[in-house]
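Let me begin by presenting the structure, written as structure tokens, before commenting on it.
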Amino acid sequence: MAPKNRFALTDIVDAALSVVRMSGLENLTARAVANEMKSSTMPIYSCGRTMAEIEADVVKRCWDILARYQREPKTWDTYVDIGLGYVLFAKHEKHLFGCIHNPRHLELNRKYAAENFQLNLERLKDYQPLASVGDDLKLKIMIQGWIFCHGLADLLSRTPVNLETDEDIAAFIVESNRIVHSGIKHVGEKN
């Protein structure tokens, strides 16, 4: 009788996610996963999945982690929390952020990005500041917010920016959001 495989597929994907989290998708190999699991590569090759399928599972997990960041309330504003979660994900999970934007998995990332965007739109369904706004304008506002937050997230994931704490980032996003939504002519006015 063959020895029982002591690693479940979830153990392998967990180890693969850990490799990506520490050193990036470009360093995800069967050997790196085996080293993380402190085993040979045999469990990886005998789990019934290819490395490409395991990599796809890791990409999905990265999107799930991003969604958790975006759901976590950090301010008084759901719209701001969605963007702030995206930015904090990039800051704290640089390699996972890189994974969800890796061209190697372009179609998969497009699929999960669309699902993530729809989930966030759904979260804003009862969002009072957008209650009287039509769906077309709500979509434009979400896209504008994503463009801003993606730019900030990309900067934070690659270069030092003078926003050291999560609180600094939150305050910056809240203030930027106020400026954009009140219009440039009202920037100098206090609420």
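The values are calculated or read from the model by the stated rules, or taken from the named source; none is laboratory data. Just so it is clear, the structure is predicted and the values come from calculations on it, not from any experiment. Positions of Cβ are generated from backbone atoms using ideal geometry, with glycine treated the same way; all protein chains shown enter the neighbour counts.
Arg110: touching a helix residue (DSSP H, G or I) at 6+ places or on another chain (Cβ under 8 Å) and among the basic types (Lys, Arg), yes or no? Lay out the reasoning, then the answer.
Working: touching a helix residue (DSSP H, G or I) at 6+ places or on another chain (Cβ under 8 Å): no; among the basic types (Lys, Arg): yes.
Considered against the rule, which asks whether it is touching a helix residue (DSSP H, G or I) at 6+ places or on another chain (Cβ under 8 Å) and among the basic types (Lys, Arg), Arg110 comes out as no.
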Pairs returned, first residue in region 57-72 that is of a type in the set (S, T, N, Q), second residue that is in a helix (DSSP H, G or I), beta-carbon separation under 8 angstrom, 6 or more apart or interchain, are Gln70/Asp81; Gln70/Ile82; Gln70/Gly85; Gln70/Tyr86; Gln70/Phe89; Gln70/Asn116; Gln70/Asn120
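Quick grid of which residues meet (1) in contact with a helix residue (DSSP H, G or I) (Cβ under 8 Å, 6 or more places away or on another chain); (2) among the polar types (S, T, N, Q); (3) in a helix (DSSP H, G or I); (4) within 30 Å of Ile143 (Cβ to Cβ):
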residue: Asp11; (1), (2), (3), (4): yes, no, yes, no
residue: Val20; (1), (2), (3), (4): yes, no, yes, yes
residue: Val33; (1), (2), (3), (4): yes, no, yes, no
residue: Ser40; (1), (2), (3), (4): yes, yes, no, no
residue: Val58; (1), (2), (3), (4): yes, no, yes, yes
residue: Arg61; (1), (2), (3), (4): yes, no, yes, yes
residue: Ile65; (1), (2), (3), (4): yes, no, yes, yes
residue: Gly83; (1), (2), (3), (4): yes, no, yes, yes
Looking at region 141-156, is at least one residue surrounded by fewer than 20 Cβ atoms within 10 Å (Cβ to Cβ), of a type outside the set (Phe, Trp, Tyr) and over 18 Å from Val180 (Cα atoms)?
-> yes
Any residue in region 172-184 that is in contact (Cβ under 8 Å) with a residue 24 or more places away in the chain and either in a loop (DSSP other than H, G, I, E, B) or loosely packed, with under 11 Cβ neighbours inside 10 Å (or both)?
-> no
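Matching residues to (1) more than 30 Å from Gly134 (Cβ to Cβ); (2) surrounded by fewer than 20 Cβ atoms within 10 Å (Cβ to Cβ); (3) at pLDDT below 95:
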{"position": "Ser18", "(1), (2), (3)": "yes, yes, no"}
{"position": "Ile44", "(1), (2), (3)": "yes, no, yes"}
{"position": "Ala67", "(1), (2), (3)": "no, yes, no"}
{"position": "Asp81", "(1), (2), (3)": "no, no, no"}
{"position": "Leu84", "(1), (2), (3)": "no, no, no"}
{"position": "Ala90", "(1), (2), (3)": "yes, no, no"}
{"position": "Leu96", "(1), (2), (3)": "yes, no, no"}
{"position": "Glu107", "(1), (2), (3)": "yes, yes, no"}
{"position": "Leu121", "(1), (2), (3)": "no, yes, yes"}
So which residues in region 64-88 are touching a Cys at 6+ places or on another chain (Cβ under 8 Å) and either farther than 17 Å from Gln144 by Cβ or among the hydroxyl-bearing types (Ser, Thr, Tyr) (or both)?
-> Tyr86
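Within the bounds of region 174-184, is there any residue that is modelled with pLDDT under 90, touching a Leu at 6+ places or on another chain (Cβ under 9 Å) and either outside the structural domain of Trp63 (by TED's automatic domain parsing) or more than 24 Å from Val19 (Cβ to Cβ) (or both)?
Taking region 174-184 as the starting set, the residues that turn out to be modelled with pLDDT under 90 are 174-184.
Then keep just the ones that are touching a Leu at 6+ places or on another chain (Cβ under 9 Å); that gives 174, 176.
Checking which are either outside the structural domain of Trp63 (by TED's automatic domain parsing) or more than 24 Å from Val19 (Cβ to Cβ) (or both) leaves us with 174, 176.
Yes, the conditions are met somewhere in region 174-184.
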Give region 1-57 a look and list any residue that's within 18 Å of Asn109 (Cα to Cα) and not hydrophobic (A, V, I, L, M, F, W, C), or say none.
-> Arg21, Gly24, Glu26, Glu53, Glu55, Asp57
Only one of Ala52, Ala30 is surrounded by 16 or more Cβ atoms within 10 Å (Cβ to Cβ) and within 25 Å of Lys94 (Cα to Cα); which?
-> Ala30
Pairs only if they're at least six apart or on different chains, beta carbon under 7 angstrom, first in region 31-45 and charged (D, E, K, R), second at pLDDT 95 or above; list them, first residue then second.
-> Glu36/Ala15; Glu36/Ser18; Glu36/Val19
